[in-house]
Amino acid sequence: MNPLFSGELYLPNDADLMKIQMHYQDLAATYNQTLPSQQAKRAELLTELFAEVGPDCYVEAPFYANWGGHHVHLGPGVYANYHLTLVDDGEIFIGSHTMIGPNVTLATAGHPIEPSLRIQGYQYNLPIHIGENCWLGAGVSVLPGVTIGDNTVVGAGGVVNHDLPSNVVAVGTPAKVLREISEHDREFYTKNRRIDWDQLQ
């Protein structure tokens, strides 16, 4: 099994792996140097960079990734705002129509707390799974091994260090479920501002 995906401790200094990693980092640097008007080029590069890219996905430049997004799977209609950071040594799965705010970090890699192992550079990777139609607010961090259920919203600045269920709003550090998504959310889009369904449909 690929040591990157085993979940076991390993030393990330294999020359062949590093050569592949550098290739995708170079591609990511090319993506980040494209102009906003070069939409076709960005779309083409995105399919070269990422493991999977569904239709109608868009990642604002710049974004940053240890493997250039090579281990990231995007469902259809995923949108990521500026300065997305993907620590994609392990796999990241993002469901369809998920929205990612600016300065979000998705980190699959970790290091042992034990100092004698950490000083040698040991690392482990655990996959991240983000469901469909989620919204990660600005500055959210998702840590290794976390699964976030469908439709869930994580408030700005939240640090997600454990699984979150579907259909909830979670906030804080560490992120905790504040409430379930409810009929209230069908009536108000924020604070006391009502949704005018007739105008939207």
- Per residue, how many Å² of accessible area does the chain show with a 1.4 Å probe? 54 Å²
- Task: Taking the Cα atoms of region 123-197, report the difference between the largest and smallest coordinate on each principal axis, in whole Å and largest first.
- Result: 50, 20, 17
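For the chain, report the convex hull volume of the alpha-carbon atoms normalised per residue, in Å³, without decimals. Intermediate results must be reported in sequence, preceding the final value.
On the way: hull volume 26.5 nm³, N = 201.
About 132 Å³ per residue, rounded to a whole number.
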- Hz values of 3J(HN,Hα) by residue in region 32-40 - Karplus curve (6.51, -1.76, 1.60), Gly and Pro given as x: 5, 8, 6, 7, x, 6, 8, 5, 5
- How big is the antiparallel share of DSSP beta bridges in region 137-201, given as a percent to the nearest 5? 55 percent
- Under a cut-off of 28 Å between alpha-carbon atoms, report the lysines in cross-link reach of residue 41, not counting same-chain residues fewer than 8 places apart. 19
- Among bridges DSSP assigns within the chain, what percent are antiparallel (round to 5)? 25 percent
- Message: What distance in nm lies between label points placed 7 Å from Cα along the C-beta direction at residue 114 and residue 18?
- Response: 2.5 nm
- Task: Within the set of other residues whose C-beta is less than 10 Å from the C-beta of residue 165, count the net charge using Lys and Arg as +1 and Asp and Glu as -1.
- Result: -3
- Quick one: which residues, 5+ away or cross-chain, put their amide H under 5 Å from the amide H of residue 168? H built at 1.01 Å from N. 152, 153, 181
- Item | Shape of region 24-138, Cα gyration tensor, a/c cut at 1.5 | prolate
- Query: Whose amide H sits under 5 Å from the amide H of residue 141, counting only residues 5 or more places off or on another chain, with H placed in the peptide plane?
  - Reply: 105, 158, 159, 160
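The values are calculated or read from the model by the stated rules, or taken from the named source; none is laboratory data. In this text, all values refer to a predicted model and were calculated from it rather than measured experimentally. Ideal geometry is used to build each Cβ from the backbone, glycine not excepted, and the neighbour counts take in all protein chains shown. Ligands, DNA and RNA are stripped out before the accessible areas are found, and what is left, the full protein with its side chains, is counted by its heavy atoms. Shrake-Rupley method; radii C 1.70, N 1.55, O 1.52, S 1.80 Å.
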